[in-house]
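Visitor: This is the structure I have questions about; it appears just below.
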Amino acid sequence: MKLRLPLLACVLTACTVPENTPEYPIIARILTSIDGRYQLANVKIETLTDVDHMSGTVGLIIGQAALNVDADVAEIMSSTDPDAVYSDRGHMVQTDYILEDGVVIPQNFQTMEMLGLYSVYERTVAFWVENFDIPFETIGLPSLYYNPRLRREKDGEAVEVSTTMNAAYLPGVRDFWFFKTASREHVPVKMNFGVVAHEFGHYIFDYQFARFDRGAYDTILAVNENFLSGLNEGLSDYFSYAVTQSVTEFGASLPELDQERRLPVSWTLRTSLSGVCTGSFYCQGSVLASALYEIAQLPGQTPLRVAQRAFRSLPDFRNNWLENRDNNLMDYSALLNAILTQAPEDQEAYCNIFRKWFDTDNVRLKLTCPT
């Protein structure tokens with residue numbers, strides 16, 4: 001898949017371009033991440049073909065969508081039926097900007113956010129297009145839902161529920177949600193390069209592990225469900241680092257995210273289970289991301305190379321998961337051993353780091369490391 005630019009052509013008659021029409025590819029003045037630091041800058045957005053309605057060759061931003069939620073977002077994450085998820089599929093957005101010397105200058109906060117979202121999404125897609133053999137033209141790309149509203153029934157009437165400071169990928173219908181910005185976000189989450197790259201990591205996991213089959217995530221064992229959630233989060237965190245080349249992205253939006261997700265974290269698998277990080281699947285996922293991050297710093301390794309090996313290990317891990325998910329307790333050795341098979345010449349170095357971070361006997365003793 002190539003990142004295509006719009007082709008403007010005139011047939012039989014001369015082109016007449018309105019005075020206030022921007023030239024494509026556009027250049028927009030937006031808040032953007034440059035080497036992990038956010039600043040206002042003129043940014044070229046290569047694939048946007050309609051800046052007025054935020055439509056391009058790699059994405060479409062949709063506004064005013066309403067989600068059917070009777071309890072909370074988690075309860076609809078397993079749905080594969082868009083009609084069960086959306087009470088309103090949303091509408092075309094409209095931007096407000098002026099042109100100064102050919103540069104698109106947003107005239108409201110919403111336009112700034114949408115341009116920023118599309119820009120970092122484009123950068124994320126470009127990474128995967130350029131470095132991985134993924135048939136995006138066949139499988140398609142998700143839609144980007146801007147400020148979707150949550151609705152639930154109360155006393156027979158639809159009540160809107162406020163959700164802020166969050167972003168999500170919905171595997172069943174393969175959409176991204178970017179919720180309303182809260183006042184305490186330093187950089188809006190939806191404009192955060194690391195957050196958008198993380199959510200796209202879930203889409204990559206959905207493709208390479210689940211093959212877009214929502215049932216692939218299911219298990220009757222709660223402990224295995226928790227494990228798979230942590231693995232998914234950890235890989236998405238590492239993929240985000242590989243895309244952005246920065247560990248400061250999350251903290252640019254919320255300081256607490258810097259404490260919880262900045263790589264490498266301060267806990268291991270063993271200490272995450274003893275209360276240092278509450279033992280949540282996010283904490284355990286951060287152990288996986290930290291191990292991969294440390295490997296990427298070794299001589300001869302790069303963030304991309306490690307990402308490619310992790311990506312290529314997922315089909316083997318999938319087979320292991322499908323065979324054992326309802327019968328045996330799964331642990332990180334299932335993925336780590338699959339990664340080791342992708343790094344035959346570097347197994348000793350990988351194993352040393354895996355043993356450091358996954359410091360519980362139930363994982364360390366199962367690693368197929370060189371003797």
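Visitor: Per-residue HN-Hα couplings for the range 358-371, Karplus 6.51 cos²θ - 1.76 cosθ + 1.60 at θ = phi - 60°, whole Hz, x for Gly and Pro?
Guide: With the stated coefficients, the range 358-371 comes to 9, 9, 10, 4, 5, 9, 4, 6, 9, 5, 8, 8, x, 7 Hz.
Visitor: Let me ask you something else. For Asp213, which sequence-distant residues (separation of 5 or more, or a different chain) have an amide H within less than 5 Å of its own amide H, given hydrogens modelled in the peptide plane?
Guide: none
Visitor: Pairs of lysines 8 or more apart, or on different chains, with alpha carbons under 20 Å: count those in the chain, would you? Present the calculation step by step, with values, prior to reporting the outcome.
Guide: Working: Lys2/Lys44; Lys44/Lys190; Lys180/Lys190; Lys356/Lys366.
For the chain, qualifying lysine pairs total 4.
Visitor: With θ set to phi - 60° and the Karplus curve 6.51 cos²θ - 1.76 cosθ + 1.60, what are the ³J(HN,Hα) couplings of the range 281-289 in order, to the nearest whole Hz, using x for Gly and Pro?
Guide: 5, 5, 4, 5, x, 5, 5, 4, 4
Visitor: Rounded, prolate or oblate: pick one for the chain, where a ≥ b ≥ c are the square roots of the eigenvalues of its C-alpha gyration tensor, a/c under 1.5 means rounded, and failing that, prolate if a/b is larger than b/c, else oblate. Display every interim value, and only then the final one.
Guide: Values: a/c = 1.89, a/b = 1.52, b/c = 1.24.
Cα axes put the chain in the prolate bin.
Visitor: Specify whether the C-alpha gyration tensor of the range 27-218 places it in the rounded, prolate or oblate class, a ≥ b ≥ c being the square roots of the eigenvalues: rounded for a/c under 1.5, otherwise prolate if a/b is larger than b/c and oblate if not. Walk me through the numbers before you get to the answer.
Guide: On the way: a/c = 1.88, a/b = 1.26, b/c = 1.49.
Since a/c reaches 1.5 but b/c is at least a/b, the shape of the range 27-218 is classed as oblate.
Visitor: Related question: What residues have an amide H closer than 5 Å to that of Asp359, excluding those fewer than 5 places away on the same chain, when H is modeled at 1.01 Å from N in the peptide plane?
Guide: Hits under the 5 Å cutoff: Leu269, Arg270.
Visitor: For the peptides 356-363, 100-107, what is the packing order when you average, over each peptide's residues, the other Cβ atoms within 10 Å and list the highest mean first? Please list the in-between numbers first.
Guide: On the way: 356-363: 16.4, 100-107: 14.0.
In descending order of packing, they fall as 356-363, 100-107.
Visitor: A follow-up question, please. Output the relative contact order of the chain, whole-number percent, from Cα pairs under 8 angstrom with separation of 6+ residues. Each step should come with its number before you reach the end.
Guide: On the way: 649 pairs, mean separation 47.3, N = 371.
Relative contact order here is 13 percent.
Visitor: Still on this model: Enter the angle in degrees (range 0 to 90, nearest 10) between the Cα long axis of helix 222-244 and the first principal axis of the Cα atoms of the chain, meaning the one along which they spread out most.
Guide: 50 degrees
Visitor: Let me ask something additional. Peptides 232-244, 197-209: what's the order by average Cβ count within 10 Å, highest mean first?
Guide: So the order, starting with the most tightly packed, is 232-244, 197-209.
Visitor: Counting other Cβ atoms within 10 Å, which trypsin sites (Lys or Arg not before Pro) in the range 182-230 have at most 16 and lie in a DSSP loop?
Guide: On the way: sites: Arg184, Lys190, Arg211, Arg214; in loops: Arg184, Arg211.
Loop-located and lightly packed - Arg184, Arg211.
Visitor: Tell me the net charge near Leu298. Cut-off is 12 Å between Cβ atoms, Leu298 excluded, with +1 for each Lys or Arg and -1 for each Asp or Glu.
Guide: Working: positive: Arg305; negative: Glu294, Asp346, Glu348.
So the surrounding residues net to -2.
Visitor: Please label the shape of the range 121-278 as rounded, prolate or oblate, based on the square roots a ≥ b ≥ c of the eigenvalues of the alpha-carbon gyration tensor (a/c under 1.5 means rounded; beyond that, a/b larger than b/c means prolate, else oblate).
Guide: Values: a/c = 1.16, a/b = 1.06, b/c = 1.09.
The shape class here is rounded.
Visitor: Order these peptides, 333-340, 129-136, 27-34, by their mean beta-carbon neighbour count within 10 angstrom, highest first. List each step's numbers first, then the result.
Guide: Numbers: 333-340: 22.2, 129-136: 12.8, 27-34: 20.2.
Per-residue Cβ counts within 10 Å, averaged per peptide and sorted highest first, yield 333-340, 27-34, 129-136.
Read-outs throughout are calculated quantities, based only on the coordinates presented, and are distinct from any laboratory measurement. A quick note: this is a predicted structure, and the numbers were derived from the prediction, not measured. As a convention, Cβ positions derive from the backbone with ideal geometry for all residues, glycine included, and neighbour counts pool all protein chains shown.
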